[in-house]
Amino acid sequence: MSLIIPAPTPAIDEPAIVSGPFWPDVDPAKVRDTQRIDGTVPAPRLKTAIIEAIAATNGELKAWREKQQAAGCSTLADVAAEEIDGTSILIHRYQRAVGCHTKALLLERLRDFDSTAKGDKKADALTDPIDDLWRDYRHAIADITGAARSTVELI
């Protein structure tokens, strides 16, 4: 059995993506690092996925953001929250939401690349990680807004 380890990805100069006046900028290099997205994903494809992830995340959090702004907070960093490693936990969670959303989008597109039997097996293997990413995204959103992570309904 042989094990193939991809070569380290050379640093790619990708400028931060501005999320808007309230939200923190998103650094594509950090998204690559935290979500283990290697250099096989070109910078333009990553940027497109990050922009969609930011738009969706900001949309999900619009009502919550408006409440915070009405309370006098002009940025996410201004919202009262505990800090970890010198940064608001809300900023960590926002970055996590955007990162998970980005990676889920990229993996969903990767599944439709190869239509052979080998490609079908690979697509099936990606289903669990994609579901995990969507779950982590939903958890980050819930944690930011203070909502419960799950909803239980009696049938």
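The values are calculated or read from the model by the stated rules, or taken from the named source; none is laboratory data. Keep in mind that this is a model prediction, so the values were computed, not measured. Backbone-built Cβ (ideal geometry, glycine too); neighbour counts: all protein chains shown. Keep in mind that these areas ignore ligands, DNA and RNA; they rest on the heavy atoms of the full protein, side chains included. Shrake-Rupley method; radii C 1.70, N 1.55, O 1.52, S 1.80 Å.
For segment 74-114, a residue qualifies if it is over 20 Å from the mean Cα position of the chain (by Cα), open to solvent by 60 Å² or more (accessible area, probe 1.4 Å) and among the small types (Gly, Ala, Ser), and the qualifying residues are Ser74, Ala80, Gly86.
Val98 meets the conditions (1) modelled with pLDDT of 95 or more; (2) out of contact with any Ser or Thr (no Cβ under 6 Å at 6 or more places or on another chain) in every case but one. The failed one is (2). For Gln35, the conditions (1) in contact with a helix residue (DSSP H, G or I) (Cβ under 6 Å, 6 or more places away or on another chain); (2) surrounded by fewer than 14 Cβ atoms within 10 Å (Cβ to Cβ) are fulfilled apart from (2).
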